[in-house]
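Trainee: My structure is below; once you've seen it, I'll send some questions.
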Amino acid sequence: MDVAEVKDISGAWNDTDSQQVSEEMIRDVLGRAWLEEFSRKQKGQPAVIVGEVANLSHEHINVNTFVADMERALINSSKVQFVASSTERKEVRSERKDQDLHASETTRKPMGQELGADFMLKGTINTIIDTSGKTQVRYYQVDLTLISLADNRKVWVGQKKIKKLVERSNLRF
């Protein structure tokens, strides 16, 4: 099956929803005033780090694929830079420590040269389920916030809503 083909079998959150939400959020965040304001004042690209995007829905949603879609699109826009997550930084720092002991002086990467983030992207995924008999309406709401690490200002708030009607038959698999 082609990955670009849209199939919504269960009515649950799926890859199409993830891509649709991330694409719309990317267009919105890159089109707002915070980016131009930062670039004008700082004379460069803002560095962003992803904080927690919490799945508060009733179902399992792989938040990592959604976040990866957003990171990829933002990085590829060439309008923002991304800083590694806390988990990724720990691994990289461990590698630098190892290089301090084992790599030649000419190829060793020094400690204390990391880029600090200017903004943190955080968010939630929520659902509301309305069921009557064999009919169900699933409402998904994704809220994302971009927060300035310098002064805790919320510089952008994005929201995307998806509603799905699911009809169930008597058949069970």
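Trainee: In terms of solvent-accessible area of protein heavy atoms at a 1.4 angstrom probe, what is the ranking of D15, D28, highest value first?
Mentor: In descending accessible area the options line up as D15, D28.
Trainee: Let me ask you something else. Only four residue types carry charge here, +1 at the Cβ of Lys and Arg and -1 at the Cβ of Asp and Glu. Report the dipole size of the chain about the Cα centre in Debye, rounded to the nearest 20.
Mentor: So the magnitude is around 360 debye.
Trainee: Another one. Accessible area per residue of the stretch 67-173 at 1.4 Å probe, in Å²?
Mentor: So the stretch 67-173 comes to 69 Å² accessible per residue, rounded to a whole number.
Trainee: In the stretch 68-173, what GluC sites (Glu not before Pro) fall in a loop by DSSP, with at most 11 other Cβ atoms inside 10 Å?
Mentor: E105
Trainee: Round to a whole number: what % of the accessible area of the chain belongs to carbon and sulfur, probe 1.4 Å?
Mentor: That share works out to 50 percent.
Trainee: Still on this model: Let me know the whole percent of all Cα-Cα pairs from the stretch 48-111 that are separated by more than 13 Å.
Mentor: Percentage above 13 Å: 72.
Trainee: Still on this model: Helix 33-42 sits at what angle to the longest principal axis of the chain, using alpha carbons and giving 0 to 90 degrees rounded to 10?
Mentor: Approximately 0 degrees, to the nearest ten.
Trainee: Okay, helix-only estimate at 222 nm for the chain: each DSSP H run of n ≥ 4 adds -39500 (n - 2.57), divide by all residues, round to 500 deg cm²/dmol; what do you get?
Mentor: Roughly -10500 deg cm²/dmol at 222 nm, from the helical runs in the chain.
Trainee: If you take the beta carbon distance between K97 and L56 as r and set R0 to 41 Å, what does 1/(1 + (r/R0)^6) give as a FRET efficiency, to the nearest 0.05?
Mentor: 0.65
Trainee: Any idea what angle helix 63-76 forms with the longest principal axis of the chain, computed on alpha-carbon atoms, 0 to 90 degrees, nearest 10?
Mentor: The two axes meet at around 50 degrees.
Trainee: Right, next: I'd like the antiparallel share, as a percent to the nearest 5, of DSSP beta bridges with both residues in the chain.
Mentor: Roughly 75 percent of the DSSP beta bridges within the chain come out antiparallel.
Trainee: How large is the direction-averaged shadow of the alpha-carbon convex hull of the stretch 1-103, in nm²?
Mentor: Average projection, Cα convex hull of the stretch 1-103: 10.2 nm².
Trainee: A follow-up question, please. In a solvent-free Debye calculation with one equal scatterer on each Cα, what is log10 I(q)/I(0) for the chain at q = 0.13, 0.16 Å⁻¹, listed in the order of the q values?
Mentor: -0.78, -1.01
Trainee: Provide, as a two-decimal number, the C-alpha radius of gyration of the stretch 102-173 over 2.2 N^0.38 Å, N being how many residues it has.
Mentor: Cα-based Rg divided by the globular estimate yields 2.09.
The values are calculated or read from the model by the stated rules, or taken from the named source; none is laboratory data. Keep in mind that what you see is a predicted model, and the values were worked out from it rather than measured. For neighbour counting, all protein chains shown are included, and Cβ atoms are generated from backbone atoms with ideal geometry for every residue, glycine included. The accessibility values were calculated without ligands, DNA or RNA, using every heavy atom of the protein model including side chains. Shrake-Rupley method; radii C 1.70, N 1.55, O 1.52, S 1.80 Å.
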